[in-house]
Amino acid sequence: MSRGFIIRRVGLFLIVVWAAASVNFFIPRLATGRDPIREKLGLLAASGGLRQEGVEAMVKAYQAKFGLDKPLHTQYLNFLLNSARLDLGYSLANYPARVGRMIANAMPWTMGLLLVATIIGFSLGTLMGALAVWARAPALFRHLVFPLMTLSAIPPYLLGLVVIYTLGLQLNIFPLSGGYSPGTFPGFRLDFILEVIHHSTLPALAIVLQAVGFWALGMRGMMVSTVGEDYIALAEANGLRSKTIFFRYAVRNAFLPQYTALGLSMAFAVSGQVVVEVVFAYPGMGTLLFRAIQASDYTVINGVVLITIMAIGLVTMVMDFTYPLLDPRISHQRLD
Amino acid sequence: MDKLSSVFTYLKDSPMLTAGLGLMAAILLFCVAGPLFVDTDAAQPLSVTPRLSPSAEYPFGTDDAGRNLLAVMVLGVPLTLRIGLLAGSVGLGVGILLGFGSGYIGGKVDTLIRGTVDTLLTVPSLVVLISIASTIREEISVEIMALVVASLAWMWPTRTIRAQVLSLRERAYVQMAKLNGMSSLEIIWKELFPNLLPYLAANFAGAVSGAVLATIGLEALGLGPQNEPTVGMTIYWAISFSALIRGMWWWWAIPIAFLAMLFVSLILIAAGLDELANPKQRMAV
């Protein structure tokens, strides 16, 4: 892999993060010209949490603390510097909790669920899509295409409600919500890990059900043109075993566009998962975001938006770096 | 008459397109005929007895706040469709402008547009939409919702249209038109555009589906038009009031059934049109 490609790709990642931070900074200021801090303190005062005369002083103190009394470009620079240092400030609704701390607690849940569900959905879907085209595979796989297509069209959080009702409520096999039972202490122990897996099965299932159909359809399209290629016919004429032709000749080639699409799909997958987490009250970034929306906790909303975009940007970038390992034809050398 | 019969030949060739259009027709019929049979005022809270399971009088049951869910669906499905169509049109429109511009003009314009699109596609759009919608929550109406969703609905159409224009640009008939002295705009309008129509239609179905998806996502988080009985807001209320655990299955299952029909219909239409536009993709398996 050439150094030029790596520098360009990292540059692109930094641009995405900068754009995300800027959106975070400008949207609340452009949209309404409102002052979330004053609003929040006013709300607290109205609910009897604060005395009215203290509010003006607090607004002043907050504005000085966050530099809101300075001109806009100074504020913007400060904001970018703080974002770069991942200093996301304090939660407005749960002061003195730090936004960075809250996100650090939620992040492993979200990334764990996202990566496991994506890997299962992607592998299963790709294999099923390939088998749907392979003449020697059982006919069952050909008939599965239409049901899978239907599932792929339905957002995972709606599938989530259905699996909660059937597998959770009616059959009572899986817990309905949460990441672990109340009363257990999180820790790196076998019983806790098993409990997390038990709780994560239904949200993962909701995501996988949709993803399998999506990846199966994509792989099927690619396989249709791959099995028509001359090298497949040659391999058959040479008397290679069917399994060898399937995996080494057909799947290996049809798989490449599929893997490229996987990088692009991460952003889409995390969008769906945000709502899935809310439906399952799963202790990840989606639920954190939902609670912050309900409490008008703008610092948490901004923090979650920024960190999610950063995390997905990072995942996408790492995947881009792995293409040459899979496809010897890409070396990123000729791009220079 | 000739045109009509050729449409039918197309439909016979593509069972997916037929099924998709049939499903869409059923949904539209429900929207159009619904108000004739049901009093849509009952979509407001406190208008009927709350918490009734489906019966002859209320086929879809009623919710906690005393809305007749049949009336809610009769009003809500067209609202959701309207947001989808508006946002999808804006998304496709911007996609056509940028896609044709990027693909046909090429050079620096192309590099800039393609770079922007590829960058934005790696950003989880729902998360950005949430940040926008949560700052203007009080002011959200159906039209503003559509605009918010449209702001991130143009990248995919731009990308796919650009790719198509790039491949069409080199065809012999385009070169011919160039030699005949046609201007770029004329070539785009008279040569490229008609040839891309099925693609654009497929893209439109995809854009509408994406827009509805984003809308429902925002609404399920409570960030939709607060006082409109849209399908997504119904799901939000059902989740908020724990309809799931309380056994009020009709409250969430019926909106989900409508959305499933809508999404399946749109994906079938898009896939069917794609097949028509690109016969190589036709899967004779």
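The values are calculated or read from the model by the stated rules, or taken from the named source; none is laboratory data. All of these numbers come straight from a predicted model, not from anything done at the bench. A quick note on method: Cβ atoms are made from the backbone with ideal geometry, for glycine too, and the neighbour counts reach across all protein chains shown.
Can you report the number of residues in segment B:110-125 which are more than 7 Å from chain A (Cβ to nearest Cβ), among the small types (Gly, Ala, Ser) and under 16 Å from B:VAL94 (Cβ atoms)? So that I can check it myself, show each step before the final result.
First, pick out the residues of segment B:110-125 that are more than 7 Å from chain A (Cβ to nearest Cβ): B:110-118, B:120.
Now narrow it down to the ones that are among the small types (Gly, Ala, Ser): B:115.
Filter once more, keeping what is under 16 Å from B:VAL94 (Cβ atoms): none.
Looking only at that region, the number is 0.
Give me a count of the residues in segment B:188-247 that are among the basic types (Lys, Arg) and either within 14 Å of chain A (Cβ to nearest Cβ) or under 19 Å from B:GLU138 (Cβ atoms) (or both).
Of all residues in segment B:188-247, those among the basic types (Lys, Arg) come to B:190, B:246.
Imposing the further condition that a residue be either within 14 Å of chain A (Cβ to nearest Cβ) or under 19 Å from B:GLU138 (Cβ atoms) (or both) reduces the set to B:246.
Total meeting the criteria: 1.
Residue check: is A:ALA261 surrounded by 22 or more Cβ atoms within 10 Å (Cβ to Cβ) and out of contact with any Pro (no Cβ under 8 Å at 6 or more places or on another chain)? Quick ask: steps written out before the conclusion?
Working: surrounded by 22 or more Cβ atoms within 10 Å (Cβ to Cβ): no; out of contact with any Pro (no Cβ under 8 Å at 6 or more places or on another chain): yes.
No, not satisfied.
Residue by residue, here is whether (1) at pLDDT 85 or above; (2) of a type in the set (S, T, N, Q); (3) touching a Phe, Trp or Tyr at 6+ places or on another chain (Cβ under 9 Å); (4) assigned to a loop (DSSP other than H, G, I, E, B) holds:
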residue: A:TYR165; (1), (2), (3), (4): yes, no, yes, no
residue: A:ASN172; (1), (2), (3), (4): no, yes, no, yes
residue: A:TYR180; (1), (2), (3), (4): no, no, yes, yes
residue: A:GLY187; (1), (2), (3), (4): no, no, no, yes
residue: A:LEU194; (1), (2), (3), (4): yes, no, no, no
residue: A:SER200; (1), (2), (3), (4): yes, yes, yes, no
residue: A:ALA211; (1), (2), (3), (4): yes, no, yes, no
residue: A:SER225; (1), (2), (3), (4): no, yes, no, no
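Does any residue in segment A:253-272 that is free of Cβ contacts under 8 Å to residues at least 24 places away in the same chain come within less than 7 Å, Cβ to Cβ, of a residue that is in a helix (DSSP H, G or I) six or more places away or on a different chain, and which pairs are these?
Note: pairs meeting the criteria are A:SER271/B:SER125; A:SER271/B:LEU126; A:SER271/B:VAL127; A:SER271/B:GLY217.
With respect to A:LEU202, is the statement that it is surrounded by fewer than 22 Cβ atoms within 10 Å (Cβ to Cβ), in contact (Cβ under 8 Å) with a residue 40 or more places away in the chain and within 24 Å of A:LEU144 (Cβ to Cβ) true? I'd like the intermediate steps shown before the answer.
Values: surrounded by fewer than 22 Cβ atoms within 10 Å (Cβ to Cβ): no; in contact (Cβ under 8 Å) with a residue 40 or more places away in the chain: yes; within 24 Å of A:LEU144 (Cβ to Cβ): yes.
When the stated conditions are applied, A:LEU202 does not pass them.
Checking B:THR160 against (1) in a helix (DSSP H, G or I); (2) crowded, with 23+ Cβ neighbours inside 10 Å; (3) touching a residue at least 40 places away in the same chain (Cβ under 8 Å), which single condition isn't satisfied?
B:THR160 satisfies all of (1) in a helix (DSSP H, G or I); (2) crowded, with 23+ Cβ neighbours inside 10 Å; (3) touching a residue at least 40 places away in the same chain (Cβ under 8 Å) except (2).
Tell me which residues, restricted to segment A:178-198, are surrounded by 12 or more Cβ atoms within 10 Å (Cβ to Cβ) and either of a type in the set (D, E, K, R) or touching a Leu at 6+ places or on another chain (Cβ under 7 Å) (or both).
Across segment A:178-198, the qualifying residue is only A:GLU195.
Given B:LEU75, B:LEU85, which one is within 16 Å of the chain's Cα centre (by Cα), closer than 29 Å to A:ALA153 by Cα and touching a residue at least 24 places away in the same chain (Cβ under 8 Å)?
Values: B:LEU75 fails: within 16 Å of the chain's Cα centre (by Cα).
Of the residues listed, the single one that is within 16 Å of the chain's Cα centre (by Cα), closer than 29 Å to A:ALA153 by Cα and touching a residue at least 24 places away in the same chain (Cβ under 8 Å) is B:LEU85.
Out of the residues in segment B:46-93 that are among the acidic types (Asp, Glu) and under 15 Å from B:TRP249 (Cα atoms), which is surrounded by the fewest Cβ atoms within 10 Å (Cβ to Cβ)?
Step one: list which residues in segment B:46-93 are among the acidic types (Asp, Glu), which gives B:57, B:63-64.
If we keep only those that are under 15 Å from B:TRP249 (Cα atoms) too, we end up with B:63-64.
Numbers: B:ASP63: 24, B:ASP64: 17.
Step by step, filter segment B:46-93, then rank; the result is B:ASP64.
Does any residue of segment B:254-276 turn out to be among the acidic types (Asp, Glu) and either exposed (fewer than 14 other Cβ atoms within 10 Å of the Cβ) or free of Cβ contacts under 8 Å to residues at least 12 places away in the same chain (or both)? Spell out the reasoning first.
At the first step, the residues of segment B:254-276 found to be among the acidic types (Asp, Glu) are B:274-275.
From what is left, the residues that are either exposed (fewer than 14 other Cβ atoms within 10 Å of the Cβ) or free of Cβ contacts under 8 Å to residues at least 12 places away in the same chain (or both) are none.
No: segment B:254-276 contains no residue that is among the acidic types (Asp, Glu) and either exposed (fewer than 14 other Cβ atoms within 10 Å of the Cβ) or free of Cβ contacts under 8 Å to residues at least 12 places away in the same chain (or both).
Given the conditions (1) surrounded by 13 or more Cβ atoms within 10 Å (Cβ to Cβ); (2) without any contact (Cβ under 8 Å) to a residue 12 or more places away in the chain, report the number of the one that B:GLY20 does not fulfil.
It fails just one condition, (2).
Exactly one condition in (1) under 16 Å from A:ALA104 (Cα atoms); (2) touching a residue at least 60 places away in the same chain (Cβ under 8 Å); (3) among the β-branched types (Val, Ile, Thr); (4) at the interface with another protein chain (Cβ under 8 Å from one of its Cβ atoms) is not met by A:THR299; state its number.
(4)
Can you pull out the residues in segment A:106-137 that are assigned to a helix (DSSP H, G or I), among the small types (Gly, Ala, Ser) and within 14 Å of chain B (Cβ to nearest Cβ)? Please lay out each step first, then the result.
Keep residues of segment A:106-137 that are assigned to a helix (DSSP H, G or I), which gives A:106-133.
Restricting the remaining residues to those that are among the small types (Gly, Ala, Ser) gives A:106, A:112, A:117, A:121, A:123, A:125, A:129-130, A:132.
Passing the criteria: A:ALA106, A:GLY129, A:ALA130, A:ALA132.
Would you tally the residues in segment A:274-296 being surrounded by fewer than 22 Cβ atoms within 10 Å (Cβ to Cβ) and either more than 11 Å from chain B (Cβ to nearest Cβ) or touching a Cys at 6+ places or on another chain (Cβ under 9 Å) (or both)?
Qualifying residue count for the region: 1.
Which condition from (1) small (Gly, Ala, Ser); (2) farther than 30 Å from B:LEU79 by Cβ; (3) assigned to a loop (DSSP other than H, G, I, E, B) is the one that B:ALA177 breaks?
(3)
Would you pick out the residues in segment B:126-148 that are facing another protein chain (nearest Cβ under 7 Å), of a type in the set (Ser, Thr, Tyr) and either within 20 Å of the chain's Cα centre (by Cα) or farther than 15 Å from B:GLY222 by Cβ (or both)?
Keep residues of segment B:126-148 that are facing another protein chain (nearest Cβ under 7 Å), which gives B:126-128, B:130-132, B:134-136.
With the extra rule that they be of a type in the set (Ser, Thr, Tyr), the set shrinks to B:131, B:134-135.
The answer is none; no residue qualifies.
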